[in-house]
């Protein structure tokens, strides 16, 4: 893998870069569009995000550096089987009994006025989209479960809505049922790793990992549980 770390101030948290694309470690509370702000002042279009992370979510965010890369990577993300998206989630313990690992399949509806998704067991109208994810309980603390999540599809608020549908609420995610917010306004959902085809060589898969944006006892316990 041809990797180099960016030196520009707007790319301090770069995890990977080549001529076609860039992966940064997004912080909770930042828009997926924030890396473009400096370029926009200069009238430039790129880099542009290929996918989106919700505002309170942190971790791997992929951006394309030119139109050809944007088209190539956009097609890869649209096909779902050409990308690998693993998330870490710290969720509040629930009285509901859940399997230690499972595949969740729902149909997602959206209330645009509330900016909220709803996970349903069956499709009720044409506007709803199929959502698939897999999770594994990697460990637990006194009050929380530590989940590793493989995101198969990529829908608006998908992980948050699907977990809420089975009675699990991500720490800090008031919108989807958490008991209290986080001090920084984020939620404990982190895009830990991302795999995608290299726009410069379609036969090569680039895999990037992002550490949590900060370490505290909960994230440290998570890291020990997954043994990375």
Region 48-82, subset buried (at least 21 other Cβ atoms within 10 Å of the Cβ) and in contact with a helix residue (DSSP H, G or I) (Cβ under 7 Å, 6 or more places away or on another chain), residue nearest to residue 186 (Cα to Cα): 62
Are there any pairs with C-beta distances below 7 angstrom linking a residue in region 8-37 that is at positive phi and part of a loop (DSSP other than H, G, I, E, B) to a residue that is surrounded by fewer than 17 Cβ atoms within 10 Å (Cβ to Cβ) and modelled with pLDDT under 95, with the two at least 6 apart or on different chains, and if so which? 29/55; 29/184; 29/185
Determine, yes or no, whether residue 185 is at positive phi, surrounded by fewer than 17 Cβ atoms within 10 Å (Cβ to Cβ) and in contact (Cβ under 8 Å) with a residue 24 or more places away in the chain. yes
Could you list, in sequence order, the residues of region 165-180 that are in contact with a strand residue (DSSP E or B) (Cβ under 8 Å, 6 or more places away or on another chain) and assigned to a loop (DSSP other than H, G, I, E, B)? 166, 168, 169, 171, 173, 178, 179
When restricted to 159, 149, 170, the only residue touching a helix residue (DSSP H, G or I) at 6+ places or on another chain (Cβ under 9 Å), farther than 16 Å from residue 93 by Cα, surrounded by 15 or more Cβ atoms within 10 Å (Cβ to Cβ) and modelled with pLDDT of 95 or more is 149
Residues in region 86-108 that are at pLDDT below 95 and within 19 Å of the chain's Cα centre (by Cα) total 0
Within region 183-228, restricting to residues that are under 17 Å from residue 147 (Cβ atoms) and in a loop (DSSP other than H, G, I, E, B), the one that is modelled with the lowest pLDDT is 228
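The values are calculated or read from the model by the stated rules, or taken from the named source; none is laboratory data. Remember, it's a predicted structure, so these values are computed and weren't measured experimentally. Neighbour counts run over all protein chains shown; Cβ positions are idealised from the backbone, glycine included.
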